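A.B. asks: Okay, here's the structure, questions in a sec.
The values are calculated or read from the model by the stated rules, or taken from the named source; none is laboratory data. These figures come from a predicted structure and were not determined experimentally. FYI the Cβ positions are ideal-geometry reconstructions off the backbone, even for glycines, and counts take in every protein chain you see. In case anyone asks, the SASA skips ligands and DNA or RNA and just uses the protein heavy atoms, side chains included. Shrake-Rupley method; radii C 1.70, N 1.55, O 1.52, S 1.80 Å.
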Amino acid sequence: MNLVQQIIDRAKSNKQRIVLPEATEERTLRAADRVLAEDIADLILIGNPDEIHQLAKEWGLQHIDKATLIDPENNPKSEEYAELLTELRKKKGMTIEKARELVKNPLYLGCMIIKTEGADGQISGALSTTGDTLRPALQIIKCSPGITCVSGAMLLITKQPQFGEDGILVVGDVAVTPMPDAAQLSQIAVCTAQTARSVAGFDDPRVAMLSFSTKGSATHEVVDKVIEATRLAKELDPTLKVDGELQADAALVPSVGQKKAPGSEIAGHANVLVFPNLEVGNIGYKLVQRLGDAEALGPILQGIARPVNDLSRGCSVDDIYKMVAITACQAMDAKK
């Protein structure tokens with residue numbers, strides 16, 4: 001069974017409530033119909049119900065009636081949400097008038113539903129920017145305890161079973177934080193390992209903190225950052241299996257790991273890779289995807305107390321469908 005099917009089966013086993021705030025967008029509604037047909041998640045669709053029903057009829061979608069539809073312009077909980085949002089953001093100058101307008105915004109409304117425990121996760125981005133997706137999540141749901149930065153992980157499904165976990169690697173950050181400091185990098189390590197557990201199903205995440213140096217083979221302030229981040233990651237999660245600094249070959253190839261970092265339980269056996277900055281991460285995963293013919297799933301946002309994921313505006317119906325299952329797996333883990 002491939003990884004995508006495992007993720008879908010895990011989502012089906014414990015259905016979560018996922019909000020789709022861009023419900024009148026064609027790809028989103030088509031993906032919702034497929035999710036509902038396969039009983040992967042309980043969906044909350046935000047948009048004008050008449051318009052959603054009309055579009056579903058026009059596109060031949062037969063399962064939308066299984067979803068909960070919420071009209072942002074005529075929502076009986078609007079005032080309750082506005083009062084809560086005012087309280088949450090009062091130190092930032094939020095007024096009740098401004099809050100009343102914001103809770104009509106589907107992205108804010110979805111986060112308010114999650115905040116009041118009416119849903120477990122949210123996906124947007126087919127129409128919205130990453131900033132628009134993240135802003136309400138950080139203002140309303142906020143980061144997980146002990147975490148101050150959001151990051152993005154990618155699942156790389158390669159055709160090289162000798163690497164990672166039968167050819168599967170989880171890598172981060174590839175999407176959000178351009179130049180993390182040591183503390184942020186340590187948080188990215190912990191969060192990416194958690195994504196490896198909750199989404200990829202890894203029983204034993206083994207984290208390599210990547211650099212151009214292995215165990216002092218080079219000296220530079222950026223190497224020092226990775227060394228410090230490794231130390232901080234162990235403090236943040238004492239159970240985490242992590243080592244660094246390691247070059248990529250030392251992290252992945254047992255013979256190279258043994259030679260360059262003898263005695264390391266991670267060197268040569270890593271299944272989670274943490275890049276020193278976003279530039280390296282984004283370039284690195286795309287090279288593996290294109291030159292190595294790997295499948296890349298994500299980015300999966302991590303570090304938020306409840307999962308809120310961002311889509312590319314060029315996403316496909318299949319991308320959204322898979323992201324619903326991924327978000328459901330994250331939501332299950334967030335409840336533990």
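A.B. asks: For GLU228, are the conditions met, namely being of a type in the set (Asp, Glu), open to solvent by less than 20 Å² (accessible area, probe 1.4 Å) and over 30 Å from LEU311 (Cα atoms)?
C.D. replies: Working: of a type in the set (Asp, Glu): yes; open to solvent by less than 20 Å² (accessible area, probe 1.4 Å): no; over 30 Å from LEU311 (Cα atoms): yes.
Against the criterion (of a type in the set (Asp, Glu), open to solvent by less than 20 Å² (accessible area, probe 1.4 Å) and over 30 Å from LEU311 (Cα atoms)), GLU228 does not qualify.
A.B. asks: ILE113: in contact (Cβ under 8 Å) with a residue 40 or more places away in the chain and in a loop (DSSP other than H, G, I, E, B), yes or no?
C.D. replies: Numbers: in contact (Cβ under 8 Å) with a residue 40 or more places away in the chain: yes; in a loop (DSSP other than H, G, I, E, B): no.
In short, no.
A.B. asks: Can I ask one more? Taking only pairs six or more apart or across chains, which ones have beta-carbon atoms under 8 Å, a first residue in region 297-310 that is among the charged types (D, E, K, R), and a second residue that is assigned to a loop (DSSP other than H, G, I, E, B) and at pLDDT 95 or above?
C.D. replies: ARG306/ASP120
A.B. asks: Moving on. Please go through region 245-279 and pick out each residue that is part of a strand (DSSP E or B) and open to solvent by 10 Å² or more (accessible area, probe 1.4 Å). Spell out how you get there, then give the answer.
C.D. replies: Initial filter on region 245-279 (part of a strand (DSSP E or B)): 245-246, 272-274.
Selection gives LEU273 alone.
A.B. asks: Further question: Test of understanding: among LYS15, LYS98, LYS91, which residue is modelled with pLDDT of 95 or more and either farther than 30 Å from ASP333 by Cα or open to solvent by less than 60 Å² (accessible area, probe 1.4 Å) (or both)? Steps first, please.
C.D. replies: Details: LYS15 fails: either farther than 30 Å from ASP333 by Cα or open to solvent by less than 60 Å² (accessible area, probe 1.4 Å) (or both); LYS91 fails: modelled with pLDDT of 95 or more.
Among LYS15, LYS98, LYS91, only LYS98 is modelled with pLDDT of 95 or more and either farther than 30 Å from ASP333 by Cα or open to solvent by less than 60 Å² (accessible area, probe 1.4 Å) (or both).
A.B. asks: Is there a residue in region 125-143 that is modelled with pLDDT of 95 or more, in contact with a Ser or Thr (Cβ under 8 Å, 6 or more places away or on another chain), in a strand (DSSP E or B) and open to solvent by 20 Å² or more (accessible area, probe 1.4 Å)?
C.D. replies: The answer is no; no qualifying residue exists.
A.B. asks: Here's a check for you: in region 30-82, which residue that is touching a Gly at 6+ places or on another chain (Cβ under 8 Å) and either among the polar types (S, T, N, Q) or without any contact (Cβ under 8 Å) to a residue 40 or more places away in the chain (or both) is farthest from LYS104 (Cα to Cα)?
C.D. replies: Top of the filtered list is ASP71.
A.B. asks: Identify the residue in region 294-330 that is within 18 Å of VAL170 (Cβ to Cβ) and in contact with a Gly (Cβ under 6 Å, 6 or more places away or on another chain) and, among all such residues, is surrounded by the most Cβ atoms within 10 Å (Cβ to Cβ).
C.D. replies: Here the residue is PRO307.
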